[in-house]
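Asks: My questions will all concern the structure given below.
The values are calculated or read from the model by the stated rules, or taken from the named source; none is laboratory data. Since the structure is predicted, the reported quantities are computational estimates derived from the model, not experimental observations. Here the Cβ positions follow ideal geometry from the backbone for every residue, glycine too, while neighbour counts run over all protein chains shown. Just the protein is used for accessible areas: all its heavy atoms, side chains included, with ligands, DNA and RNA removed. Shrake-Rupley method; radii C 1.70, N 1.55, O 1.52, S 1.80 Å.
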Amino acid sequence: MTTILPTQLTYRSFNNLSLVLGHPTYQTVKNFQDGNIKTFQYSKDGRYISLASPESVKIIDSNNAEPRSEIEKKNIVEIGFSPKGTYISTWERPVKLSENLVHKNLIIWETATAQMLIQFTQKSQANWNVQWTEDESFFSRMVTGEVHFYDSNRIDKIHAKLRLENIVDFSLSPGKNPSIAVFIPEKNSAPASVRIYSITNFNSPLAQKTFFKADKVRMHWNDLGTNLLVLTQTEVDKTNKSYYGEKDGPIHDVTWSPNSKEFIVVYGYMPANATLFDHRANPIHEFGVNPLFKNVEFLTSEFNNNLLIFIAGFGNLAGTIDIWDRENLKKISTIEAPNSSECFWSPDGRYIMTATLSPRLRVDNGYKIWHYTGVLVHDESIQELLQVQWRPASVELYPMRTLSPPPKVSEDSAALAAKPSPAKKVGAYRPPHARGTATPDMFKREDEASKRLHVHGHGNKPMPVGAFEAAVKNKKKREAAKKKKEEASLASENSGAASPLPPSSAPTQQVINNGIIDVTETVKEPIASITSTNGISQGGSLLSETDKKIRNLTKKLRQIAELKERQQKGDKLELTQ
């Protein structure tokens, strides 16, 4: 009979780090608390947990919270284990040394003894760590135009090199027969490409794919290492339709099933779609458009080892999670988790943890544990929660089980589930400087507005959202100041009765297209001659409110006509015009 490993989680707050047992006790391990930890990381198999403090890195046995070794190295920022936990990598911020010395800030250590094995110079924190094969026989890292491979049995020298011009990213596959996928972006007229090589033969690729409109990629291998999903992204929209890059609809997330035969893609403008595909990219099931996911910062999906699926959307203080049964493709439950910024399956596939972390939100920090049937089983409020993570565990430790009824929960948790905190109704994400103002129609989707403007800035580059709204705001201020000045000037003059221009003296033809008034004929500005009977202007303004509106409207029509005339001559207009 297989022993079921109890679940466990660790969290780090501003002034504390704690290890917590899973369901049903959720008890804190008393001898495992530290108030000065900058980051922590579990090993992939869950045996170890590493704790980085300003003075050192401690490796702890996660089963009994006993220390195993300590790396006496200060100011470590990043830590990461090899697949089996035999080795641990650390990264610190690079510093400038004397002219003849180079700071080697990426170091690989032996976990059990804390012995330093090899060190490198790694300036960028992005993709800082080396990549290991699943059996830990080799690891690799990228330098300019090359990927270097090292044999773990002879770690002090380079074992092999893969040389490719203009390579910018790579990914090692899991599985028993590891491969390497490399990405080469567009250059001149040559398309971008992803190539897959066996790590034992770099002479010719096993497979390759070329494509345009790809500035960077994210590569997702299935667990067997037999299939690769490549998510491409472009930063520049050559069609000038989108400030955020050229796209027919963004891809929010892709996730492989643990069986390596299926994957889910969450995609499209909000409200987004989710589709299940087989490993040959044939659609199996459409989960449909969920209106609850209309205004979110990011969408995600994830399988568990029992082939339950959650599809979740978070952002702007709103969060909804749908739980689906893969076997019959039926929705089991919906969880409302407002304010959440993180969401994970537990290793046993029975529970989901949602968390609200700082500094994304400074209030309501903490984590919640939900049964997949939608029942809230545990709620923990933690001031300034910075990091929380389940202890990883092999799927083999948690065999497939049938769906079960929700567990019994405490009275406090039941009360929380019965009276959840109301989610704040939110709109689409707005940058901080643009909040509190109306959304211009040009930034609305066609199904959200009766009109859509395609506007270009200088040099055929789209104008940023903030720049557009600032320009509109400044224009309104200038118009208000000008109007005030005109009224003051008019008040200082003497005038007789107002003589508004008869309609026939300003011939115009107006056509309304999609709510936009289009003046199709030149509008001449009427001459408002306001004189007294003796030809001497009189003081005071005698214009009525209706006359003022007619005067301002006539002025605007004249300005519109002038702009259209300039546009017909080929002049480039400002975005606000």
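Asks: Can you give me the distance in nm between label points at SER124 and LEU224, each placed 7 Å from the Cα along the Cα-to-Cβ direction?
Replies: 3.3
Asks: Still on this structure: Return the FRET efficiency for the residue pair SER394, ASN177: r is the Cβ-Cβ distance, R0 is 22 Å, and the value is rounded to the nearest 0.05.
Replies: Numbers: r = 20 Å, r/R0 = 0.91.
Efficiency for this residue pair is about 0.65.
Asks: While we're here: In square angstrom, what is the accessible area per residue of the stretch 325-374 with a 1.4 angstrom probe? Before the final figure, lay out each step's value.
Replies: Working: 1920 Å² over 50 residues.
Per-residue value: 38 Å².
Asks: Going highest first, how would you order 18-26, 69-77, 560-568, 363-371 by mean Cβ packing within 10 Å? Write out the running numbers ahead of the final one.
Replies: Values: 18-26: 17.0, 69-77: 15.3, 560-568: 13.7, 363-371: 20.0.
With the highest mean Cβ count within 10 Å placed first, the list reads 363-371, 18-26, 69-77, 560-568.
Asks: Calculate, for ALA190 and LEU231, the FRET efficiency according to 1/(1 + (r/R0)^6) with r their C-beta to C-beta distance and R0 22 Å; round to the nearest 0.05. Please report the intermediate quantities before stating the final value.
Replies: Details: r = 21 Å, r/R0 = 0.95.
In this case the efficiency is close to 0.55.
Asks: Per residue and in cubic angstrom, what volume does the convex hull of the Cα atoms of the stretch 34-73 have?
Replies: Details: hull volume 2.5 nm³, N = 40.
Normalising the Cα hull of the stretch 34-73 by residue number yields 62 Å³.
Asks: Follow-up question, since we're still on this one. When only the heavy atoms of the protein chains count and the probe is 1.4 Å, how do SER394, SER89 rank by accessible area, highest first?
Replies: Working: SER394 55, SER89 5 Å².
Solvent-accessible surface, decreasing: SER394, SER89.
Asks: Largest first, please: the extent of the C-alpha atoms of the stretch 75-158 along each principal axis, to the nearest Å.
Replies: Ordered largest first, the stretch 75-158 gives principal extents of 38, 30, 23 Å.
Asks: Continuing with the same structure: Past 27 Å, Cα to Cα, is the threshold; run LYS73/LYS176; LYS477/LYS549; LYS549/LYS572 against it and keep the listed order.
Replies: Working: LYS73/LYS176 34 Å; LYS477/LYS549 19 Å; LYS549/LYS572 30 Å.
Distance filter (> 27 Å) returns LYS73/LYS176; LYS549/LYS572.
Asks: To the nearest 20 debye, what charge dipole does the stretch 1-144 have about its Cα centre, counting +1 at the Cβ of each Lys and Arg and -1 at the Cβ of each Asp and Glu? Could you put the intermediate results ahead of the total?
Replies: Details: 15 positive and 14 negative charges, 76 e Å.
The calculation lands at about 360 debye.
Asks: Could I ask something else about it? Let's test the formula: R0 of 51 Å, r as the Cβ-Cβ distance of ARG280 and SER544. What FRET efficiency results, to the nearest 0.05? Each step should come with its number before you reach the end.
Replies: On the way: r = 75 Å, r/R0 = 1.46.
About 0.10, to the nearest 0.05.
Asks: Points 7 angstrom from Cα along the Cβ direction at ASP156 and ARG566: gap in nanometres?
Replies: 7.3
Asks: How many angstrom lie between the C-alpha centres of the stretch 320-345 and the stretch 178-210?
Replies: Taking the Cα centre of the stretch 178-210 as reference, the centre of the stretch 320-345 is 37 Å away.
Asks: Still on this structure, I have one more. Sticking with the crude label model, points 7 Å out along Cα→Cβ, report the distance from THR144 to THR86 in nm, one decimal please.
Replies: Label at THR144, label at THR86, 3.4 nm between them.
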